[in-house]
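Here the structure comes first, spelled out in C-alpha cells, and everything after it is commentary.
The values are calculated or read from the model by the stated rules, or taken from the named source; none is laboratory data. Because the structure is a prediction, the values reported are computed rather than measured. All Cβ positions, even for glycine, are placed from backbone atoms using ideal geometry, and neighbour counts span all protein chains on display. The accessibility values were calculated without ligands, DNA or RNA, using every heavy atom of the protein model including side chains. Shrake-Rupley method; radii C 1.70, N 1.55, O 1.52, S 1.80 Å.
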Amino acid sequence: MKLIRIGEPGREKPGVLWNSQIRLDVSSFVSDFNEDFFSSGGLSQLQGWLDQHAHLAPHASEGERLGPPIARPSKIICVGLNFRDHAAESKMAIPPEPVLFLKATSSLVGPNDPVIIPRGAQKLDWEVELAVVIAKKASYVAREEAPAFIAGFALHNDYSERSFQLERGGQWVKGKSADSFAPLGPFLATPEEIPNPRALTMWLKVNGQVRQKGTTANMIFGVSELVSYISQFMTLLPGDVISTGTPAGVGFGMQPPQYLQAGDIVELGIEGLGTSRQEVRAFENSYAAN
Ligand code: ZN
C-alpha cells in the first residue's frame with residue numbers, strides 16, 4: 001500500500017495511491033494516519049477494506065495538495081553521519097555508534113510545499129534521506145525483531161540551516177527544526193512495497209543539477225539496527241519517524257560551500273518512494289511570517 005494525505009495544511013484527508021497512480025479518498029474508513037491508526041492495526045484493516053471497497057472509494061482530485069503521508073508524530077529522530085562519504089565531506093569521524101538528534105515535529109510539511117529560509121539564516125542546505133515510520137510501540141527491541149515494528153518507508157529532505165546547526169553552540173536541533181524543514185512523502189510505502197531498504201538509489205537536484213547521488217546500500221547502520229538501537233534509549237511510538245541519514249553531496253561539503261537561495265528549486269527521489277519538489281522561499285514572503 002501507498003498511503004497519502006490530501007488537502008490543505010492541517011485539514012488533510014487520508015488516502016491511498018491505488019495502482020501507484022489513482023488517488024483514493026479513504027476518509028470514510030479511517031480518520032487519519034496517526035498514532036491510533038497504526039497502534040490499532042489500521043494498516044491491515046485498511047488493506048482488508050480496500051480489497052472489498054477500493055472500487056467504491058471516491059477519487060481525490062489530482063491537483064490537490066499532498067500533505068505529509070502521516071499525521072504529526074510524537075518524534076522525528078534523525079541519524080547523523082550515517083554514510084561514510086557524507087562523514088568525510090563533513091570532515092567528521094565515522095561514528096562508532098549511531099549519532100542521534102531530534103527534529104521538531106512542527107517542521108513536518110507536504111512533499112511539494114515550499115521550504116522557507118528561517119529568519120536570520122544564510123546557510124540553508126539539503127539532505128535526501130530514507131525515512132522509516134514506526135508501526136507499534138517499540139522499547140528495547142532486538143535487531144532481528146525490528147522489521148515487525150516498521151509501518152513503512154518514505155522520502156524525506158532533512159533540511160538544515162548550517163549556521164544554526166554548527167555555529168550557534170550546543171546541539172544540532174537548532175539547525176534542523178524550522179517550519180517546513182521536513183518535507184515527507186509523496187507517500188508512505190508499506191514494507192511489502194520495499195523488500196530491501198538497503199538497496200535503494202537516492203538522488204537530489206538543485207535547479208536541475210545533480211547534487212546527491214547515492215544508495216542506501218552505503219548506510220553505516222541499517223534500518224533494523226537503527227530501530228533496535230534507538231529503542232534502547234527511548235520508546236518509539238506508532239507513527240514516529242526515523243530519518244536514516246544522507247549520502248555525500250550536500251552544499252556544506254562543496255568547495256566552496258553552496259547554500260540555497262530564494263527561488264531555487266530542489267527535487268529529490270528514492271527508488272520506489274517517489275519524488276518531491278520544494279521551491280525555496282524567503283522568510284518574509286512566507287506563510288510562516290504571518
Ligand atoms: Zn540528515
Inset, instruction - State, to one decimal in nm, how far the label point of GLU167 lies from the label point of GLU97, with both points 7 Å from Cα in the Cβ direction. - result: 3.2 nm
Inset, instruction - Would you mind calculating the gained length between GLN21 and GLN122 on full extension (0.36 nm times residue separation, minus the Cα-Cα distance), in nm to one decimal? - result: 32.6 nm
Inset, instruction - Just flag the chymotrypsin sites (Phe, Trp or Tyr not before Pro) in the range 227-290 sitting in loop per DSSP whose Cβ has no more than 16 other Cβ atoms within 10 Å. - result: PHE233
Legend entry - Where labels lie 7 Å past Cα in the beta-carbon direction, separation of THR215 and GLU8 in nm: 4.5 nm
Legend entry - Theoretical ellipticity at 222 nm over the chain - DSSP helices of four or more residues, -39500 (n - 2.57) apiece, nearest 500: -3000 deg cm²/dmol
Inset, instruction - State the Cα centre-to-centre distance between the range 3-36 and the range 197-233 in whole Å. - result: 26 Å
Inset, instruction - Pop the C-beta distance of SER31 and THR235 into the FRET formula with R0 = 30 Å and round what comes out to the nearest 0.05. - result: 0.80
Legend entry - Solvent-accessible area, 1.4 Å probe, carbon plus sulfur percent, for the range 196-268: 52 percent
Legend entry - Distance in nm between pseudo-label sites at SER61 and PHE283 (7 Å out along the Cβ direction from Cα): 3.4 nm
Legend entry - Computed magnitude of the charge dipole of the range 2-56 (debye, nearest 20; Cβ of K, R +1, Cβ of D, E -1): 180 debye
Legend entry - Whole-angstrom gap from the range 92-133 to the range 68-86, using each part's C-alpha centre: 7 Å
Inset, instruction - Restrict the search to the range 44-147; then list the chymotrypsin sites (Phe, Trp or Tyr not before Pro) that DSSP places in a loop and that have at most 16 other Cβ atoms within 10 Å of their Cβ. - result: TYR140
Inset, instruction - Set the Förster radius R0 to 41 Å, insert the Cβ-Cβ distance between GLN258 and ALA54 as r into 1/(1 + (r/R0)^6), and round the FRET efficiency to 0.05. - result: 0.35
Legend entry - GluC sites (Glu not before Pro) within the range 148-196: DSSP coil, no more than 14 neighbouring Cβ in 10 Å: GLU167
Legend entry - Given charges at beta-carbon only (K, R positive; D, E negative), |dipole| of the chain in Debye: 500 debye
Legend entry - Gaussian network model of the chain, springs between alpha carbon atoms under 10 Å - residue of GLN261, GLN171, GLN52 with greatest fluctuation: GLN52
Inset, instruction - Mind computing the radius of gyration and Dmax over the alpha-carbon atoms of the chain? Å is fine for both. - result: 18.1, 57
Legend entry - Estimated FRET transfer efficiency when R0 is 35 angstrom, pair SER40-ASN207 (beta carbons, to 0.05): 0.20
Legend entry - Segment GLU145-ARG198, extension gain: residue separation times 0.36 nm, minus the distance between their alpha carbons: 17.4 nm
Legend entry - Paramagnetic reach from ASN112 in the range 50-80 [backbone N under 17 Å; point 7 Å along Cα→Cβ]: 60-70
Legend entry - Average accessible surface area per residue within the chain, 1.4 Å rolling probe, Å²: 43 Å²
Inset, instruction - Give the residue from GLY185, GLY175, ALA131 lying farthest towards the positive end of the charge dipole for the range 65-200; charges sit on Cβ (+1 for Lys and Arg, -1 for Asp and Glu) and the dipole is referred to the Cα centre. - result: GLY175
